[in-house]
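The values are calculated or read from the model by the stated rules, or taken from the named source; none is laboratory data. Quantities reported herein were computed from a predicted structural model and do not represent experimental measurements. Cβ atoms come from the backbone with ideal geometry, glycine included; neighbour counts cover every protein chain shown. Accessible surface is based on the protein model in full, side chains and every heavy atom, while ligands, DNA and RNA are left aside. Shrake-Rupley method; radii C 1.70, N 1.55, O 1.52, S 1.80 Å.
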Amino acid sequence: MADLRITGLEGDTRDLAREELDTFAAGLEGSLIFPDDEGFAEAVLIWNGMIKKQPAVVVRPHTTQDVVKAVAFVRDNELLLSIKGGGHNIAGLALSDGGVALDMSGMREVEVDVQGRLARVGPGCTLGDVDQATQVHGLASTLGFVSATGVAGLTLGGGFGYLTRRFGWTVDDLEEVEIVTADGEVRRASRTTNEDLFWALRGGGGNFGVVTEFVFRLHAVGPQVTAGIIAWPASDAEAVLELYRRTVESAPRELTTVVLRRNAPPAPWLPETAHGTPIIAIVACHSGTLEQAQADLAPIKSHGQPLADLIQVKDYVAQQTMLDATQPKGMHYYWKSEFLSGLSDDLFRTYNAQFADLKAPANQIVLFQLDGELNDHPEEDGAMGNREAAFACVIQAMSRPESGADDANRDWVRSAWQALKPYSTGGNYVNFQTEDEADERTVESYRDNYQRLATIKAKYDPSNLFRVNRNIRP
Ligand SMILES: Cc1cc2nc3c(=O)[nH]c(=O)nc-3n(C[C@H](O)[C@H](O)[C@H](O)COP(=O)(O)OP(=O)(O)OC[C@H]3O[C@@H](n4cnc5c(N)ncnc54)[C@H](O)[C@@H]3O)c2cc1C
């Protein structure tokens with residue numbers, strides 16, 4: 001059979017004999033998947049349809065030992081390696097063009113230790129896998145807003161969600177990891193073992209090896225919360241933003257709110273007459289008692305004349321999937337983000353001004369409330385840093401692949417980003433960086449923690465084997 005042409009570590013190409021690949025595959029409990037095999041298309045499918053990358057071959061490990069073998073194989077043959085957790089990275093960092101893709105979806109177990117309040121999570125898990133397994137016991141860890149997102153990428157980049165105000169970044173809930181490093185060693189890392197590696201993994205991305213297990217601390221949450229979305233016509237935007245500011249100023253950490261402006265989707269929960277018209281919405285999740293939630297949410301629920309009010313008592317897992325349908329796989333996405341330290345009149349004026357010429361109906365600017373527990377930790381507690389962040393501002397464009405709107409969308413996002421950047425803390429979220437963002441943005445994400453990350457990278461991955469990521473140069 002013909003040799004397979006694979007991209008090398010330095011972007012060169014090399015031909016590998018099919019027999020050599022077959023011998024490697026024979027040693028795996030998982031599988032090696034070639035482009036003409038069934039399952040290849042799904043293995044290389046990622047969330048952002050704007051990214052066009054086709055790996056030469058996919059390795060789907062089933063065990064840590066499979067990962068050890070895969071790391072040795074790519075290292076010894078000097079091949080370019082990418083790692084796919086949930087495939088949700090907007091920059092398409094799960095894949096490389098012509099390289100070897102490690103698809104972790106064959107390692108998707110969650111084991112809950114109810115007594116010890118810990119979850120052991122496989123690297124192929126989605127957020128939904130973990131929420132479902134832990135919520136059976138009324139437990140949860142801080143995970144993000146869309147359930148199909150991969151736990152691995154989200155955690156390694158820092159992570160935030162509805163519980164961040166109570167428990168901090170996702171990496172503040174991380175207790176331990178198992179990782180296969182470039183030398184092929186299987187290491188455990190925690191606050192007391194390989195502490196430097198653990199520090200780097202708490203935000204430093206996929207730079208240090210292939211994580212084969214995450215251990216998260218769990219907290220009593222739900223299983224019911226008071227949560228949902230409430231929307232008004234955007235003509236009420238100024239008053240809603242003022243209401244939002246008052247709400248966040250007095251909100252206990254059990255309450256997280258998110259505000260967004262966009263055009264109304266054709267969703268059944270909105271009146272048909274509102275579809276396609278400009279709206280402003282608040283998403284809320286209150287994990288305190290029902291009485292506390294009713295009191296804290298009353299000003300929002302009684303404001304003006306909402307087009308729809310879906311804030312109600314519901315399962316936490318339902319809230320964790322509520323926004324899934326707004327982020328379908330395969331659409332074209334382009335984002336920019338900044339962390340903000342607060343909300344001001346000027347910021348609101350600038351925010352509202354960006355909607356004068358919204359290029360595509362689903363384009364939106366979202367302000368996620370974060371302030372709370374994460375601000376109580378020192379900047380150097382984990383590589384994620386950004387401990388003064390109070391909000392994440394994300395400017396998001398989405399369009400159908402056939403719409404031809406990519407250029408206009410990019411321009412809109414970039415222009416809104418330039419306008420909103422002056423309100424930034426100077427930090428941005430590494431997990432929201434797009435393909436065209438340069439290394440300086442990665443440095444800006446980590447700021448004072450960057451140099452320490454580079455030192456740890458040089459210790460564990462001196463040849464930069466793990467480079468298909470927001471790369472830390474050794
Ligand atoms: C719709 C949507 C909603 C989102 N919501 C949130 C949110 O609420 N909160 C939040 O914090 N973020 C959110 N994000 C951002 C998200 O955290 C990042 O996109 C993240 O990279 C996704 O992880 P993944 O495993 O799905 O990504 P992938 O594309 O599979 O991988 C991303 C990166 O992680 C590395 N990686 C993956 N698995 C491993 C592993 N086992 N070992 C080492 N490295 C690995 C890869 O090398 C790659 O660089 C959201 C993203 C999307 C698209």
Query raised in the report: Restricting the search to the range 128-162, which residues are within 11 Å of the ligand (Cβ to nearest atom), open to solvent by less than 10 Å² (accessible area, probe 1.4 Å) and either touching a Gly at 6+ places or on another chain (Cβ under 6 Å) or of a type in the set (S, T, N, Q) (or both)?
Result: Thr142, Leu143, Gly144, Gly150, Thr155, Gly157, Gly158, Gly161
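Counting only residues that are out of contact with any Pro (no Cβ under 9 Å at 6 or more places or on another chain), within 16 Å of the ligand (Cβ to nearest atom) and among the hydroxyl-bearing types (Ser, Thr, Tyr), give me the helices (runs of 4 or more DSSP H) lying completely in the range 369-474 with at least 3 of them. Break it down into steps so the answer makes sense when it comes.
On the way: elements: 406-420, 439-446, 450-460.
In the range 369-474, the matching helices (runs of 4 or more DSSP H) lie at 439-446.
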**Report entry** Meets criteria (assigned to a strand (DSSP E or B), open to solvent by 10 Å² or more (accessible area, probe 1.4 Å) and not aromatic (Phe, Trp, Tyr)) for Val112
**Finding:** yes
Query raised in the report: Taking the range 423-450 as the search range and keeping residues that are among the polar types (S, T, N, Q) and touching a Ser or Thr at 6+ places or on another chain (Cβ under 8 Å), which one is nearest to Arg473 (Cα to Cα)?
Result: Gln433
Query raised in the report: Can Asp113 be described as free of Cβ contacts under 8 Å to residues at least 24 places away in the same chain and of a type outside the set (Phe, Trp, Tyr)?
Result: yes
**Report entry** Every pair of residues 6+ apart whose Cβ atoms lie under 7 Å, when the first sits in the range 144-167 and is part of a strand (DSSP E or B) while the second is within 6 Å of the ligand (Cβ to nearest atom)
**Finding:** Gly150/Gly85; Gly150/Gly86; Gly150/Gly87; Gly150/His88
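In the range 100-111, what count of residues is obtained for those that are within 11 Å of the ligand (Cβ to nearest atom) and either small (Gly, Ala, Ser) or touching a His at 6+ places or on another chain (Cβ under 8 Å) (or both)? Lay out the reasoning, then the answer.
Taking the range 100-111 first, the residues within 11 Å of the ligand (Cβ to nearest atom) are 101-105, 107.
Pick out the ones that are also either small (Gly, Ala, Ser) or touching a His at 6+ places or on another chain (Cβ under 8 Å) (or both) and you get 101, 105, 107.
Residues meeting the conditions: 3.
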**Report entry** Residue count, the range 228-239 (criterion: open to solvent by less than 10 Å² (accessible area, probe 1.4 Å) and closer than 21 Å to Leu143 by Cα)
**Finding:** 1
Query - Any pair with Cβ under 7 angstrom, 6 or more apart, that starts in the range 450-474 at a residue that is more than 22 Å from Gly184 (Cβ to Cβ) and ends at one that is among the polar types (S, T, N, Q) and within 13 Å of the ligand (Cβ to nearest atom) - result: Arg470/Gln433; Arg470/Thr442
Report task. Tell me, please, whether a residue that is among the acidic types (Asp, Glu) and either buried (at least 24 other Cβ atoms within 10 Å of the Cβ) or within 16 Å of the ligand (Cβ to nearest atom) (or both) can be found in the range 212-227. Result -> yes
Query raised in the report: Within the range 335-369, how many residues are open to solvent by less than 10 Å² (accessible area, probe 1.4 Å) and among the hydroxyl-bearing types (Ser, Thr, Tyr)?
Result: 2
Query - Enumerated strands (runs of 3 or more DSSP E) restricted to the range 1-99, each holding at least 2 residues that are open to solvent by 10 Å² or more (accessible area, probe 1.4 Å) and within 13 Å of the ligand (Cβ to nearest atom) - result: 81-84
Requested in this report: From Gly168, Gly205, grab the single residue that is among the small types (Gly, Ala, Ser), touching a helix residue (DSSP H, G or I) at 6+ places or on another chain (Cβ under 6 Å) and closer than 30 Å to Asp76 by Cα.
Outcome: Gly205
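Among the residues of the range 115-127 satisfying the criterion of being assigned to a strand (DSSP E or B) and in contact with a helix residue (DSSP H, G or I) (Cβ under 6 Å, 6 or more places away or on another chain), which is nearest to the ligand (Cβ to nearest atom)?
Val121
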Query raised in the report: Given the conditions (1) in contact with a His (Cβ under 8 Å, 6 or more places away or on another chain); (2) touching a residue at least 40 places away in the same chain (Cβ under 8 Å); (3) open to solvent by less than 60 Å² (accessible area, probe 1.4 Å), and given that Pro401 satisfies all but one, which numbered condition is not satisfied?
Result: (3)
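When you look at Ser302, is it open to solvent by 30 Å² or more (accessible area, probe 1.4 Å) and small (Gly, Ala, Ser), yes or no?
Numbers: open to solvent by 30 Å² or more (accessible area, probe 1.4 Å): yes; small (Gly, Ala, Ser): yes.
Yes, satisfied.
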Report task. Evaluate the range 177-198: report whether one residue or more is near the ligand (Cβ under 10 Å from one of its atoms) and part of a helix (DSSP H, G or I). Result -> no
Query - Criterion (open to solvent by 10 Å² or more (accessible area, probe 1.4 Å) and more than 25 Å from the chain's Cα centre (by Cα)) met by exactly one of Val317, Val313 - result: Val313
Report task. Please work out which one of (1) farther than 26 Å from Ile46 by Cβ; (2) surrounded by fewer than 24 Cβ atoms within 10 Å (Cβ to Cβ); (3) charged (D, E, K, R) is the condition Arg165 fails and give its number. Result -> (2)
Report summary line: Given (1) buried (at least 22 other Cβ atoms within 10 Å of the Cβ); (2) over 26 Å from Ile51 (Cβ atoms); (3) polar (S, T, N, Q), Thr425 misses just (1)
Requested in this report: Go through the range 289-342 and give me each residue that's under 28 Å from Gly404 (Cβ atoms) and either among the polar types (S, T, N, Q) or without any contact (Cβ under 8 Å) to a residue 60 or more places away in the chain (or both).
Outcome: Ala325, Thr326, Gln327, Pro328, Ser337
**Report entry** Leu297 vs. criteria at pLDDT 95 or above and over 30 Å from Ser399 (Cα atoms)
**Finding:** yes
